[in-house]
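Presented below is the structure to which this report refers.
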Amino acid sequence: MGTEMGLSPTEEPVIERLQGPGERLFVVANRWLIIVMMAVMVAMVFANVVSRYVWNYSYIWAEELSQYIMVWITFLGAGLALREGRHVAVELLQDRLPTKVKRWTRRLVVLFIIVFLLVLVVVGLQFSLFAMEQETPVMTIPLGYPYLAVPLGALILLAHIGFVYRDFVAGRREEPESLESNIEEGVI
């Protein structure tokens, strides 16, 4: 197993290798959105736990909202995971191919991913619009809003693919550092 389309798992080198201010802004905004969502989720769950055990009162909406935020974080973070080589991939066959064939294989892989994500955007939007007529059980907001994470996450993933496509096809990428080397260097 290896990485399919990654550059590096370390944050600073990835930011330094970004090709333009648009890409840099996109990645930073994507990261900060996820950081804020995680902070909100952690604060909400912590406050609910404290409230439950100290005052014997639970915010019934906190669990539902934290689940929806976690789904949003997952879909919005998929592009960053792809960029940093965090998705699982099997590259045994690809690594044994001649360079020219390897590049065509990578183009084909990217084409399949793009087609899948475009289908995910269209079907996800249709499903979200369909679900707008229903309400969530506790918060009673339209159910389509939590479901929008799927098509929007797919669009963001498509943008990340657009930014790393050339480096991926050309084979210009670094493998993520192993857990063992991070432990030895004191990073973890």
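The values are calculated or read from the model by the stated rules, or taken from the named source; none is laboratory data. Note that the coordinates shown come from a computational prediction; the quantities given were computed from them, not determined experimentally. Because the Cβ atoms are built from the backbone with ideal geometry, glycine has one as well, and the counts that use them run over all protein chains shown.
Name the residue, out of P151, P146, that is under 14 Å from L76 (Cα atoms), free of Cβ contacts under 8 Å to residues at least 40 places away in the same chain, not small (G, A, S) and not in a loop (DSSP other than H, G, I, E, B).
The conditions single out P151.
From the set of residues in region 46-91 that are surrounded by fewer than 17 Cβ atoms within 10 Å (Cβ to Cβ) and β-branched (V, I, T), which is farthest from L148 (Cα to Cα)?
Per the criteria, the residue is V54.
Which of the following residues is touching a helix residue (DSSP H, G or I) at 6+ places or on another chain (Cβ under 7 Å) and modelled with pLDDT of 95 or more: V138, V164, V121, V169?
V121 is the lone residue from the list that is touching a helix residue (DSSP H, G or I) at 6+ places or on another chain (Cβ under 7 Å) and modelled with pLDDT of 95 or more.
Among the residues of region 28-41, are any loosely packed, with under 14 Cβ neighbours inside 10 Å, out of contact with any Lys or Arg (no Cβ under 6 Å at 6 or more places or on another chain), within 30 Å of R103 (Cα to Cα) and at pLDDT below 95?
Within region 28-41, one or more residues are loosely packed, with under 14 Cβ neighbours inside 10 Å, out of contact with any Lys or Arg (no Cβ under 6 Å at 6 or more places or on another chain), within 30 Å of R103 (Cα to Cα) and at pLDDT below 95.
What number of residues within region 83-97 are part of a loop (DSSP other than H, G, I, E, B), modelled with pLDDT of 75 or more and aliphatic (A, V, I, L, M)?
1
Go through L129, L111, L76 for me and flag whichever is without any contact (Cβ under 8 Å) to a residue 24 or more places away in the chain, hydrophobic (A, V, I, L, M, F, W, C), in a helix (DSSP H, G or I) and within 19 Å of A159 (Cβ to Cβ).
Every option except L111 fails the conditions.
Do we find that V138 is farther than 17 Å from G77 by Cβ, part of a helix (DSSP H, G or I) and either touching a Lys or Arg at 6+ places or on another chain (Cβ under 6 Å) or β-branched (V, I, T) (or both) in this structure?
In short, no.
Can you name the residue in region 106-118 that is modelled with pLDDT of 85 or more and in contact with a helix residue (DSSP H, G or I) (Cβ under 9 Å, 6 or more places away or on another chain) and is also farthest from Y145 (Cα to Cα) among such residues?
R107
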